[in-house]
Amino acid sequence: MKRIHYILIIVTCLLALIGGYLYYTDAPLDVYYTVGWMLAVLALLIGGNGLISYLFDKKLPWLRFGARRLIAHLFLGVIYSLIIINVAYLAFKLLLTNEPPTEVQLAVTNAYGIVIFIPLFSIYFSFHFLKSWQKSELQTEQFKKETLKFQLDNLKSHLDPHFLFNNLNILSSLIDYSPKESKVFLDKFVDVYRSILKTKDEDLIELRDEMEVIDSYIYLLKTRFEENVQFELNVDKSALARMLPPLTIQMLLENAIKHNVISEKRPLKISIKSAEDYLVVSNTLHLKPKELVDENGSGIENIKKRYSHFTNSEVIADKGESEFIVKVPLLELETI
């Protein structure tokens, strides 16, 4: 928007210079009207189309609504330009003369507008479109890199020796006293890895699919920590068809496990529930000392970056004295 302000200042200065020049050269009054009308129209077109671009960037960003944005922006820009051309002419004519505009004058005005201003708008729109498209391409590449980094971080966390050792050790113990239960544990273990491979090329998945994986992941955690980790699930059926980036909930559960002390005296309580347009994941807080937490650069910020490519709704993280709450938007496919 600052650029628009600079342009308007330049146009105002040009108007003052041209007005001064015409005054000293004793130009006819009609020339004043014509030049004033042209500069006023130019200023309004620059300011108005800049505002239209700004609003469209908020509501219909190029990255998510490319074709829809192109048609809507071009249509609205042309309509706005024609309206400004006619309104500015009528204002100059009625305020500065005693004669109402004739049909011929209106036709000539629109002809001037089509010949002079519409091409200028087309040039402006073309440059804006090209610049915005290039920016969208850069954002797309950045999103791909962030998604790949997230997938690698997530995969590394599951290939981490501690994760593998803990789960394989549990599996080994189960085999000794309960072959049947060990088979279930192994199936759930495989489900978690299968989900990573299955969703590695997906930008968004249904909450229903995410919850199926979470059920397997919760089974692993409860087998490992028993009653020291407690879960409360309350997700409405109506929310299951909504979308979110894959492995989002799993990442939040991993963060809760990683950052908190888990013991019989201090059980970790985790809640997953839907609330209007959000999925709310909360956990009790019994934080480990920072030196005992292995930070790998992923987590809430990574989730926020991934969401920013699909929606303007924010990922909300609220850390209280006894509870940590994260709210992630549940997306509708048709609004993406």
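Coordinate-derived values only; no laboratory data. In this text the structure is predicted, and so the values were computed from the model without any measurement. Cβ: placed from backbone, ideal geometry, glycine included. Neighbour counts: every protein chain shown.
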### Task
Within the stretch 213-244, find all residues whose amide N lies under 16 Å from a label point positioned 7 Å from the Cα of R266 along Cα-to-beta-carbon.
228-230
### Task
Enumerate the amide H contacts of H286 below 5 Å, restricted to partners 5 or more residues apart or on another chain; note that Pro and chain-start residues carry no placed amide H.
V261
### Summary
Taking 301-309, 170-178 and ranking on average Cβ neighbours within 10 Å, highest first, one gets 301-309, 170-178
### Query
Tell me, what HN-Hα J-couplings in whole Hz come from the Karplus equation 6.51 cos²θ - 1.76 cosθ + 1.60 at θ = phi - 60° for each residue of the stretch 250-263, using x for Gly and Pro?
4, 4, 5, 5, 4, 4, 4, 5, 5, 9, 10, 6, 10, 7
### Query
Considering only DSSP states other than H, G, I, E and B, which trypsin sites (Lys or Arg not before Pro) in the stretch 225-291 qualify as loop sites with at most 12 other Cβ atoms within 10 Å?
K265
## Note on the structure
Long-range amide H partners of Q230, meaning residues 5 or more apart or on another chain whose placed amide H is closer than 5 Å, are L268, K269, I270
## Note on the structure
The pairs in K58/K304; K180/K290; K258/K305 lying past 29 Å Cα-Cα in this model are K180/K290
### Task
Please list 202-208, 43-49, 181-187, 99-105 highest first by mean number of surrounding beta-carbon atoms within 10 Å per residue.
43-49, 202-208, 181-187, 99-105
### Message
Using Cα-Cα distances under 8 Å and only pairs 6 or more residues apart, what relative contact order does the stretch 215-336 have, in percent?
### Response
27
### Query
Whose amide H sits under 5 Å from the amide H of Y278, counting only residues 5 or more places off or on another chain, with H placed in the peptide plane?
L330
### Message
Restricting the calculation to Cα positions, tell me the Rg (one decimal) and the Dmax (whole number) of the stretch 182-268 in Å.
### Response
13.7, 42
### Message
What distance in nm separates the two pseudo spin-label positions at L60 and K273, each 7 Å out from Cα along the beta-carbon direction?
### Response
3.9
